[in-house]
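Here is the structure we will look at.
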């Protein structure tokens, strides 16, 4: 597949160098004259011809595709003077994108009127990225006005949009088929054998039932006196040393080493071996359950914990309605042979802890929960519905801060909140010296709501995923404000939108048959779903999402009762 963003970068990077000095000086003075524009246009045109002539990736490019690329460049060049308007606050990024979209619709351009604006803005953003540091520094500050234009967090997932445009140009249906592992997963989750197998293997852990469906996950509900303390489940962090990138401990199951090496070879901008907080053990004290933790790595987690899920799905796929024995589960058997209770003990592996938050918003006649399909780019549970925000419990500032300073559920929740609900990728991969999520405007507005008692953050309990034997800390954000979604969807400098981990409307066609794109699960006043569609079944809802919802319901009832009839 042709990667038009890569091509555009190859064009704009070299093309800007001959005029970079003059252009940057003029831009810093909020002046961009016709002379500089002409020089840039000539340079881009020449570089475009050079790239088209020498790039093997474009050997199959049709004349129409080359016309499209030239139009993208032309539109991007037309936008460059508008950078100053955005930088000085004269015009917002959203207005600029809308105006660009209108010009494409009203003209005779062959560009796609819906998807092209974000692509063009990305190309214009490349212009800024090539400028000297003194000029472009304002473009990477989250609180800057110029950030509205050039930040990927604001213009969405351009790579996905460009891929979709390319599919359309080639006449391909933009729908990606399921992998063999995903087909096995679907078969196993729809059969009766999974529940029976887990009941036999884990008799002390009851699988939850949510809205009439059983899910392969157990829960430990929080006590009512714990709801208001997000950190109440955290026990000690007993080991603060982070494993080296390539370290696979000798005491781990040697069969996982192959998986570990494969994941390292596959590392990219969407998949990397980040440090994690991992389960050491769950222990109980005075009726309260705590998580004792250690340090781990994400690829160690994939190789020693998530791999158990894949093994179970493959074993059940041949006969989904009947349980399987140890002979079909060698990786799981090795762990059970060496650890007495691998659900509550993380010895001899690195089971990453995670945090999932059910965001519940009051609406007229009931409540809405943020719930949407995961995207086709995630490693596990593609297209399964999941609550947002949710993610691995991990430190961001290793090397800058002691890891114990980031051992906080609240800190992790707020980072995921900004990343997944406001599409801020920099909160996923730390780019600053120290991440300071409290300084983000989205967090400030949320804290104001909490201080005004129009919102609340709650710890709701622990879940134990019996497929991959991982523990998740479950929380709830309750918004007692019916206008919150509408207000945040128009907020500045960033409006509320799902991040790359969730399916966008552009890729609705990639969802499996019988599934639909949703963003909200609506509940009535009794907290029952108003539409019992395919979104709430084991083959369409991530087990951890089912657990987060199940644990949120009693906490939500308590909070509704506290607030009285108006809630």
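The values are calculated or read from the model by the stated rules, or taken from the named source; none is laboratory data. Since we're looking at a predicted model, the values are computed, not measured. Here the Cβ is made from the backbone with ideal geometry for all residues, glycine too, and neighbour counts use every protein chain on show.
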Inset, instruction - Give the stretch 330-370 a look and list any residue that's over 30 Å from residue 555 (Cα atoms), in contact with a helix residue (DSSP H, G or I) (Cβ under 6 Å, 6 or more places away or on another chain) and part of a loop (DSSP other than H, G, I, E, B), or say none. - result: 348, 349, 350
Inset, instruction - Within the stretch 479-534, count every residue that is free of Cβ contacts under 8 Å to residues at least 40 places away in the same chain, in a loop (DSSP other than H, G, I, E, B) and over 20 Å from the mean Cα position of the chain (by Cα). - result: 8
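Condition check ((1) at pLDDT 95 or above; (2) over 25 Å from residue 413 (Cβ atoms); (3) more than 28 Å from the chain's Cα centre (by Cα)) across all residues:
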position	(1), (2), (3)
175	no, yes, no
178	no, yes, no
198	yes, yes, yes
206	yes, yes, yes
220	yes, no, no
232	yes, no, no
254	yes, yes, yes
273	no, no, no
277	yes, no, no
Legend entry - Among the residues listed as 507, 522, the single one being farther than 21 Å from residue 417 by Cβ and buried (at least 20 other Cβ atoms within 10 Å of the Cβ): 507
Inset, instruction - Kindly establish whether residue 494 is over 30 Å from residue 186 (Cα atoms), modelled with pLDDT under 95 and in contact with a strand residue (DSSP E or B) (Cβ under 6 Å, 6 or more places away or on another chain). - result: yes
Legend entry - Only listed residue being out of contact with any helix residue (DSSP H, G or I) (no Cβ under 8 Å at 6 or more places or on another chain) and over 30 Å from residue 349 (Cβ atoms), chosen from 452, 420: 452
Legend entry - Conditions (1) under 16 Å from the mean Cα position of the chain (by Cα); (2) at pLDDT below 95; (3) surrounded by 15 or more Cβ atoms within 10 Å (Cβ to Cβ); number of the one not met by residue 412: (2)
Legend entry - Scan of the stretch 505-537 for residues that are at pLDDT below 80 and over 20 Å from residue 549 (Cα atoms), ordered by number: 505, 506, 507, 508, 509, 510, 513, 514
Inset, instruction - Kindly check whether there is at least one residue in the stretch 296-305 that is without any contact (Cβ under 8 Å) to a residue 24 or more places away in the chain, in contact with a helix residue (DSSP H, G or I) (Cβ under 6 Å, 6 or more places away or on another chain), more than 28 Å from residue 459 (Cα to Cα) and crowded, with 16+ Cβ neighbours inside 10 Å. - result: no
Inset, instruction - Would you check which residues across the stretch 221-236 are surrounded by fewer than 19 Cβ atoms within 10 Å (Cβ to Cβ) and within 24 Å of residue 339 (Cβ to Cβ) and list them? - result: 235, 236
